[in-house]
1. Which entries of K14/K150; K133/K175; K9/K118 show an alpha-carbon separation above 19 angstrom in the structure shown?
2. When only the heavy atoms of the protein chains count and the probe is 1.4 Å, how do R187, R8 rank by accessible area, highest first?
3. What is the Å³ per residue value for the convex hull set by the Cα atoms of the range 77-148?
Amino acid sequence: MALEQYKRKRDFKKTAEPAGKPLPKKVKGASRFVIQKHDARRLHYDFRLEMEGVLKSWALPKGLPWKRGEKHLAVEVEDHPIEYEDFEGIIPQGQYGGGTVMVWDRGNYHVYGEQPVKSLREGKLHLVLDGQKANGEWTLVRIRGRDDTKNQWLILKTGGDTKAPSKKLEDQSVKTGRTMKQIAEARDAEWESNRETEESPTSKFKARIREAIKKKSKR
Ligand code: MN
């Protein structure tokens, strides 16, 4: 699957998220996973698996379950480019998914039976994650959504219990050690803030209109 949907939703002139480069045909080496903590309209976790040259992605409103037998909702979302696994920073407000993103955990994964693509199509992925926080077995199972949508999955804790991260680790990036607050304050990856000087008269005009609308709606 390609990245059209991913690209359609984003304006890469305004967000520092990767635009997605053409990829080599085969991804060599171990398959990687990443979990990004994303403070958008609602706080959630984005669970992503390297597969077929992209990151297959699910949004987990409650994150991972840790106790054997527990299950959490996982909503399948559009594929993301591989480089996205390194993205930590701020997606500007007004852009798709606007908010703070933390690289919450990452590492290698494998699928029981070693046929990840087939398992994905069949709607059942029995995973072993080897991350810094998530270490152990989980299973993703596709379920039938209320309106017959095909993007609803559950992530189940299978195997044994896994120790949930401490409160401190829960809010700590595995990439930079920063908390969500620190990432939000640093604004280092926010594209727009560095670009004000390059803004065209048109975009300035548009910004003024946006401001005017905002003021009006506040009344
Ligand atoms: Mn997200």
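1. As for pairs spanning more than 19 Å Cα to Cα, those are K14/K150; K9/K118.
2. Details: R187 115, R8 175 Å².
My answer, sorted largest first, is R8, R187.
3. Per residue, the Cα convex hull of the range 77-148 comes to 137 Å³.
The values are calculated or read from the model by the stated rules, or taken from the named source; none is laboratory data. Quick caveat, the model's predicted, so the values are computed rather than measured. To get the accessible areas, we keep the full protein, side chains included, count just its heavy atoms, and leave off ligands, DNA and RNA. Shrake-Rupley method; radii C 1.70, N 1.55, O 1.52, S 1.80 Å.
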